[in-house]
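Q: Got a structure for you, questions after.
The values are calculated or read from the model by the stated rules, or taken from the named source; none is laboratory data. Treat the numbers as computed from the prediction; the structure is a model and nothing was measured. We place every Cβ from the backbone using ideal geometry, glycine too, and count neighbours over all the protein chains shown.
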Amino acid sequence: MKYDAVVIGAGQAAAGIAVTFAKKGDKVALIEGDKLGGTCLNYGCRPTKTLRASALAVHNARTAGDYGIKIGHIEVDFKAIMARMHGIIGGMQHSFRDYMDTVSGLDIHHGYGHFVGKNGTGYQLQVNDTVIEAERVYINTGTRSVVPSIPGLNEVKYLTNIELLNLEELPQHLIVIGGGYIGLEFGQIFRRFGSDVTVIEPGNQLLAREDTDIATAITDILNKEAIDILTGHRVVQVAQNGHEFGIFPDDSGQSEAVSIISEKLVLRKTA
């Protein structure tokens, strides 16, 4: 099958490229091995912002008394929160697919594409049992979580952003390895839902790319919400005993190393 252009990956940027070419009259193949919409729609921005909206509602209810508003006992229905998020994202996924199906000149191939050769100036790619060819190929394969090399980590059921967004029960204690903005966002969300949260950051401050005053202000906000933050600690080992995980940061010059026990371990997502 010959095309004017092939786009590998159906995330937001790649889909926009494919649609633009198709509307200009090109015959375009869009290859996607997972879900249309990429990280942002399925595993990143939109589901996390949906959860953040619920977390903000809980936080506003709990702190209403600070504004002279009396509210009774606040109860978090985690299953309902997750169902709301999945319902909203599911609707977006269907709308995205319905729109892509209306674009003339655009063929969607579900599967993982790989290069198999050249035919003159054309590149040949295989998707499942189909070989497609085009002179222009655009690669936009998105992001995935980076799993650090920590002894014992591969022996436990750690969570990345994908598993976190598919939890069915609220973890009693969530450990976030890395103090980047994505890890902190998840940490604050789950703290507001009711989990104990510990953030372990090997550097001297959270948000290493930010100015110190910004990092300090955010640290103060998180501390006020009872999120435990350990800066200057590197996780050197992870061990599991039944349903509990032992997280062992280094002692960073102190007399005794810190050990943390948790039911769930989460890793920050990096590009």
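Q: Looking only at segment 157-170, which residues are in a loop (DSSP other than H, G, I, E, B) and either assigned by TED's automatic domain parsing to the domain that holds residue 38 or not β-branched (Val, Ile, Thr) (or both)?
A: Start the filter on segment 157-170 by keeping residues that are in a loop (DSSP other than H, G, I, E, B), which leaves 157-158, 160, 165-170.
Those that are in a loop (DSSP other than H, G, I, E, B) and either assigned by TED's automatic domain parsing to the domain that holds residue 38 or not β-branched (Val, Ile, Thr) (or both): 157, 158, 165, 166, 167, 168, 169, 170.
Q: Of the conditions (1) part of a strand (DSSP E or B); (2) modelled with pLDDT under 90, residue 199 satisfies every one except a single condition; which number is it?
A: Here residue 199 clears every test but (2).
Q: Here's another thing I want to ask about it. Restricting the first residue to segment 194-215 and requiring it to be in the same structural domain as residue 228 (by TED's automatic domain parsing), which pairs with a second residue that is basic (Lys, Arg) meet a Cβ separation below 6 Å and a spacing of at least six or different chains?
A: Going by the 6 Å Cβ cut-off, the qualifying pairs are 197/191; 202/234.
Q: Could you go through segment 55-71 and let me know if any residue there is among the polar types (S, T, N, Q) and either closer than 22 Å to residue 143 by Cβ or outside the structural domain of residue 110 (by TED's automatic domain parsing) (or both).
A: First, pick out the residues of segment 55-71 that are among the polar types (S, T, N, Q): 60, 63.
Retained after the next criterion (residues that are either closer than 22 Å to residue 143 by Cβ or outside the structural domain of residue 110 (by TED's automatic domain parsing) (or both)): none.
No, segment 55-71 contains no residue that is among the polar types (S, T, N, Q) and either closer than 22 Å to residue 143 by Cβ or outside the structural domain of residue 110 (by TED's automatic domain parsing) (or both).
Q: Continuing with the same structure: If we scan segment 110-131, do we find a residue that is polar (S, T, N, Q) and touching a residue at least 60 places away in the same chain (Cβ under 8 Å)?
A: Going through segment 110-131, the residues polar (S, T, N, Q) turn out to be 119, 121, 124, 126, 128, 130.
Checking which are touching a residue at least 60 places away in the same chain (Cβ under 8 Å) leaves us with 130.
Yes, because at least one residue in segment 110-131 is polar (S, T, N, Q) and touching a residue at least 60 places away in the same chain (Cβ under 8 Å).
Q: Follow-up question, since we're still on this one. Just to be sure before I move on: is residue 79 touching an Asp or Glu at 6+ places or on another chain (Cβ under 8 Å), in contact (Cβ under 8 Å) with a residue 12 or more places away in the chain, under 30 Å from residue 181 (Cβ atoms) and surrounded by fewer than 20 Cβ atoms within 10 Å (Cβ to Cβ) in the structure I sent? Full working, then the answer.
A: Details: touching an Asp or Glu at 6+ places or on another chain (Cβ under 8 Å): yes; in contact (Cβ under 8 Å) with a residue 12 or more places away in the chain: yes; under 30 Å from residue 181 (Cβ atoms): yes; surrounded by fewer than 20 Cβ atoms within 10 Å (Cβ to Cβ): yes.
Considered against the rule, which asks whether it is touching an Asp or Glu at 6+ places or on another chain (Cβ under 8 Å), in contact (Cβ under 8 Å) with a residue 12 or more places away in the chain, under 30 Å from residue 181 (Cβ atoms) and surrounded by fewer than 20 Cβ atoms within 10 Å (Cβ to Cβ), residue 79 comes out as yes.
Q: Residue under question is residue 208, and the condition is that it be within 30 Å of residue 37 (Cα to Cα), surrounded by fewer than 20 Cβ atoms within 10 Å (Cβ to Cβ) and small (Gly, Ala, Ser); does it hold?
A: Details: within 30 Å of residue 37 (Cα to Cα): yes; surrounded by fewer than 20 Cβ atoms within 10 Å (Cβ to Cβ): yes; small (Gly, Ala, Ser): yes.
For residue 208, the condition - within 30 Å of residue 37 (Cα to Cα), surrounded by fewer than 20 Cβ atoms within 10 Å (Cβ to Cβ) and small (Gly, Ala, Ser) - is met.
Q: Is segment 171-192 home to any residue that is surrounded by 16 or more Cβ atoms within 10 Å (Cβ to Cβ), of a type in the set (Val, Ile, Thr), assigned to a loop (DSSP other than H, G, I, E, B) and not assigned by TED's automatic domain parsing to the domain that holds residue 78? Give the steps one after another, and end with the answer.
A: Kept after step one, since they are surrounded by 16 or more Cβ atoms within 10 Å (Cβ to Cβ), are these residues of segment 171-192: 171, 173-180, 182-192.
Pick out the ones that are also of a type in the set (Val, Ile, Thr) and you get 175-177, 182, 189.
Those left that are additionally assigned to a loop (DSSP other than H, G, I, E, B): none.
No, there is no match, as no residue in segment 171-192 is surrounded by 16 or more Cβ atoms within 10 Å (Cβ to Cβ), of a type in the set (Val, Ile, Thr), assigned to a loop (DSSP other than H, G, I, E, B) and not assigned by TED's automatic domain parsing to the domain that holds residue 78.
Q: Please determine, by comparing only the residues of segment 157-196 that are modelled with pLDDT of 95 or more and among the basic types (Lys, Arg), which one is nearest to residue 264 (Cα to Cα).
A: 191
Q: Can you tell me which residue within segment 118-167, out of those that are over 19 Å from residue 37 (Cα atoms) and of a type in the set (Asp, Glu), is surrounded by the most Cβ atoms within 10 Å (Cβ to Cβ)?
A: Going through the qualifying residues, I end up with 133.
Q: Would you check if residue 242 is surrounded by fewer than 19 Cβ atoms within 10 Å (Cβ to Cβ) and in contact (Cβ under 8 Å) with a residue 60 or more places away in the chain? First the steps, then the outcome.
A: Numbers: surrounded by fewer than 19 Cβ atoms within 10 Å (Cβ to Cβ): yes; in contact (Cβ under 8 Å) with a residue 60 or more places away in the chain: no.
The answer is no for residue 242.
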